Amino acid sequence: MPESHLGSKSEVTRLESILCGGMAGLVSRFVVSPLDVLKIRLQLEVHDRKLRVKQPGAAMIRTAVQIFKTEGIRGFWKGNISAEGMYVMYGAVEFSTYKAINQLMNQFSPNGSDKVNHFVSGSAAGTFATCMTYPLDLLRTRFAAQQNASKQVYFGVVQAIKHINSHEGGLRGFYRGLGATLCSVIPNMGLFFMIYEETRSLMNQIPRVDVLPAPEASAGLLAGSLSKTIVFPFDTIRKRLQVQGPSRESFGNNVPEYPSGPMRCAKMVLANEGVRGLYKGYAVSLIKSAPSSAVTVWTFENSLDLIRFFKNAEKPF
């Protein structure tokens, strides 16, 4: 089986990383958009910890049916314009940054631990990509959270940008929940790239592993599932904070006003909803994370193979 193109020893140009990373984000987002909208809706549902809550599977089906009945099939792609922009930019920045940092660390510390290099490079790449694309992430969440047409606040990306800028303190309004997001992204992306690279390395040592379907996708699926499980509570906190502000009552299911800061928000969720409040939407998130991660790395690896194929085809014999 060929080596992973993401490894520090793989010769990938910055332009190739940007193009393939952007393509990976574009394809991944389109595939998992319905699951993403479903996850956001579930994360914004608030229930008293004393009340009996439906099982995750039942809640997921109920929410999906409700979206389809009230908003039609298009409801599952709410916020897709800003989300596609975010995923393309995020993928391009993340993969190119990961490659650059991984190669740099390998040069300065050639005998260092590969696991540490992959974790640090993944964390740094995720942090940089998140800060660059966060306003689009916030827009994606708010568009996906709009359920009631009578309470609709945003009708388009440009109008949404103007509204947030004028009603929520300018640039600061676009970065609500960034702290909670970074608490999630830093370990999540560090673990994702570390697990992915180590899994690919182990798979290369297994005889006849090339007969397995899409080994890149298999490694990405495992990496995405494990990393998402570990950091999921921070993702819920992030979503709750992203819909705060003057239009809060238009999003989700009775989302209360939370104090700023991920730790204080987490304490309030725990006090009102218990531990299960931090894991709202976990089941659908896991279902989403696996194909999302698999499609992302599969698209990146195969887009790069395709670029290399056409490059070699243009060379004279």
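Find which of TYR87, ILE307, GLN107 sits farthest along the positive direction of the dipole of the chain, computed with +1 on the beta-carbon of Lys and Arg, -1 on that of Asp and Glu, about the Cα centre.
Most positive-ward Cα: TYR87.
Grab every C-alpha pair in segment 246-306, bin the distances at 10 angstrom width from 0 up to the longest one, and report whole percents.
18, 30, 24, 18, 9, 0
Ranked highest first by average number of other Cβ atoms within 10 Å, how do 272-279, 185-192, 124-131, 58-65 line up?
185-192, 124-131, 272-279, 58-65
Can you give the FRET efficiency for PHE30 and VAL116, using 1/(1 + (r/R0)^6), R0 = 30 Å, r = Cβ-Cβ distance, to the nearest 0.05?
It comes to 0.30.
Show that you can apply the helix-only estimate: for the chain, add -39,500 (n - 2.57) for every DSSP H stretch of four or more residues, divide by all residues, and state [θ] at 222 nm to the nearest 500.
Dividing the helical sum by the residues of the chain leaves -24500 deg cm²/dmol.
May I ask for the angle, rounded to the nearest 10°, between helix 262-273 and the longest principal axis of the chain, with both axes built from Cα atoms and the value confined to 0 to 90°?
In the chain, helix 262-273 runs at an angle near 50 degrees to the longest axis.
Report the charge-dipole magnitude of the chain in Debye, nearest 20, computed about the Cα centre from +1 at each Lys and Arg Cβ and -1 at each Asp and Glu Cβ.
About 1220 debye.
Could you rank the peptides 98-110, 283-295 by their average count of other C-beta atoms within 10 Å per residue, with the highest value first?
In decreasing order of mean packing, 98-110, 283-295 become 283-295, 98-110.
With no solvent and one equal point scatterer placed on each C-alpha of segment 97-170, evaluate the Debye formula and give log10 I(q)/I(0) for q = 0.25 Å⁻¹, two decimals.
Summing over Cα pairs of segment 97-170 leads to -1.08.
Values in this text are rule-based calculations from the coordinates and carry no lab data. Model, not experiment: these values are computed from the prediction. Because the Cβ atoms are built from the backbone with ideal geometry, glycine has one as well, and the counts that use them run over all protein chains shown.
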